[in-house]
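> One structure, pasted below without further comment.
The values are calculated or read from the model by the stated rules, or taken from the named source; none is laboratory data. Note that the structure is a prediction, hence the values are computed from the model and not measured. Glycine gets a Cβ as well: all are built from the backbone with ideal geometry, and neighbour counts include every protein chain shown. Accessible surface is based on the protein model in full, side chains and every heavy atom, while ligands, DNA and RNA are left aside. Shrake-Rupley method; radii C 1.70, N 1.55, O 1.52, S 1.80 Å.
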Amino acid sequence: MLILLPPSEGKTPPPSGPRLDLTALLAAERLTAARREVMDELAQVSAAPEAAAILGLGPRSAADAALNLVLAEAPCAPAHELYTGVLYEAAGFGGAAAGMAEALSRHVVILSGLWGAVRATDPLPDHRLAMGAVLPGCGRLSALWKRELAAVLGPIAEDAGLVVDARSSAYAAAWQPDRAWGGELLRVRAVQVRGGKRAVVSHHAKHTRGLLAGKLVSLAAAGSAPSTAEGIAEAGAGVEGVADAELSVPDRSGRRDLTLVLG
């Protein structure tokens with residue numbers, strides 16, 4: 001089982017920690033050159049007067065562009081601790097369950113506009129760069145990483161066989177399994193029923209996907225990770241606030257939707 005997550009805008013930078021080591025990140029031998037390219041371009045953009053506009057930062061977060069100027073010197077924390085938005089708060093990855101760190105390292109990959117893809121345990125500094133950003137020298141980041149990640153995530157997904165995709169659309173654009181692969185990709189959706197109609201509410205969807213991810217990692221840490229789409233759906237049906245879990249039939253490339261209907 002491989003769980004794919006987006007990063008979060010909400011972050012809690014560590015007061016101390018190791019400095020960034022690109023050689024310690026996922027697939028360093030393949031991705032370090034691209035990571036350096038994006039870091040260099042990001043530093044130039046972040047030092048410019050129009051940094052906030054290029055990076056899509058609002059008035060309250062415009063000053064955060066300065067974080068991108070000290071990536072090499074800033075203290076790092078494991079990605080699952082650095083990211084503290086709605087999804088990660090719900091997931092509760094920081095729990096003390098035995099084997100949690102190993103399960104996070106083996107089963108969770110986080111897509112990133114800056115780093116491409118990292119393990120949940122990879123140490124990262126605080127930063128600001130969304131996958132949807134367009135940097136002058138790099139172009140749209142989702143397109144850049146799509147060229148790089150096929151050779152990295154393809155084999156990982158092949159080994160896992162079952163991929164639980166809890167990414168948002170911007171991050172899903174950076175990698176999809178090859179149509180010829182033999183596994184299953186399960187796209188997780190969460191909907192609410194309002195006035196007889198289903199609607200996606202971003203906050204609740206992130207929260208529910210986080211609860212599911214946290215439950216799946218806890219099961220993996222206990223040695224009982226689901227190995228089928230039906231097992232993932234069963235776990236989803238037991239998540240707090242979920243009234244029903246629906247599985248679509250697979251399409252020709254093995255993709256299915258897991259729709260969690262909130263009560």
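> Suppose we filter the range 86-104 for residues that are at pLDDT 95 or above and touching a strand residue (DSSP E or B) at 6+ places or on another chain (Cβ under 9 Å); how many remain?
4
> I'd like the residue in the range 133-149 that is closer than 30 Å to residue 229 by Cα and open to solvent by 60 Å² or more (accessible area, probe 1.4 Å) and, out of all such residues, is farthest from the chain's Cα centre (by Cα).
Step by step, filter the range 133-149, then rank; the result is 147.
> Which of the residues that make up the range 105-118 are under 18 Å from residue 151 (Cβ atoms) and over 9 Å from the mean Cα position of the chain (by Cα)?
Once the filter is applied, which keeps residues that are under 18 Å from residue 151 (Cβ atoms) and over 9 Å from the mean Cα position of the chain (by Cα), the range 105-118 yields 115, 116.
> Next question. Those residues that are among the small types (Gly, Ala, Ser) and outside any helix (DSSP H, G or I), I need them from the range 123-155; list them, please.
Matches in the range 123-155: 130, 132, 133, 137, 139.
> Can you name the number of the only condition in (1) open to solvent by less than 40 Å² (accessible area, probe 1.4 Å); (2) at pLDDT below 95 that residue 126 fails?
(2)
> What's the number of the condition residue 243 fails, among (1) modelled with pLDDT under 95; (2) within 19 Å of residue 182 (Cβ to Cβ); (3) hydrophobic (A, V, I, L, M, F, W, C)?
If we test residue 243 against (1) modelled with pLDDT under 95; (2) within 19 Å of residue 182 (Cβ to Cβ); (3) hydrophobic (A, V, I, L, M, F, W, C), just (2) comes out false.
For (1) out of contact with any strand residue (DSSP E or B) (no Cβ under 6 Å at 6 or more places or on another chain); (2) among the aromatic types (Phe, Trp, Tyr); (3) crowded, with 16+ Cβ neighbours inside 10 Å, each residue gets a yes or a no:
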site	(1), (2), (3)
224	yes, no, no
230	yes, no, no
235	yes, no, yes
242	no, no, yes
246	no, no, no
251	yes, no, no
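> If the requirement is being surrounded by fewer than 17 Cβ atoms within 10 Å (Cβ to Cβ), in contact (Cβ under 8 Å) with a residue 40 or more places away in the chain and at positive phi, which of these qualifies: 182, 161?
The unique qualifying residue is 161.
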